[in-house]
């Protein structure tokens, strides 16, 4: 039986999670490669207007990744990194995600899980990120990821 405290705990957990689903007009092998190949990542990762400054990705279980981008308004660089926890081409990717320490940013480690499903030659990508310290942090990532996924769609269209 579900109790009020179960519902409250579920709502609290959901408040610190982000899930986005998007269909790309590209085979899932390509969409998966766009998440694991540094040459692809440099073409789309980051919100619109941000310029990549460095990309490293060793997409094997236990391998590390690191990504830097320049903020178009402030001009400063922002870096994020993590470790690949699960790599199942072209179906599933799980990795940790952490921003390098920055002023006025919560110190948080999040977990990203992405699944790639074949939909008649297109790819349905389900992106899930959990472990946000605040709802505000989650909401800030929502806009950034949506913008990045627009760039990913444009990139796979050209590839």
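For residue 64 and residue 25, a Förster radius of 30 Å and the Cβ-Cβ distance give a FRET efficiency of 0.45, rounded to the nearest 0.05. From the square roots a ≥ b ≥ c of the eigenvalues of the alpha-carbon gyration tensor of region 86-159, which class results: rounded (a/c under 1.5), prolate (a/b over b/c), or oblate? Prolate, because a/c is 1.5 or more and a/b exceeds b/c. The stretch between residue 113 and residue 96, if pulled fully straight at 0.36 nm per residue, gains 5.2 nm over its current Cα-Cα span. The alpha carbons of region 28-85 give a radius of gyration and a Dmax of 11.9, 36 Å, in that order.
When Rg and the Kirkwood radius Rh are both evaluated on Cα atoms of the chain, their ratio Rg/Rh stands at 0.98.
Throughout, read-outs are computed from the coordinates displayed, never taken from laboratory work. Predicted model only: the values in this text are computed from it and were never measured. Note that we place each Cβ from the backbone using ideal geometry, even for glycine, and neighbour counts take in every protein chain shown.
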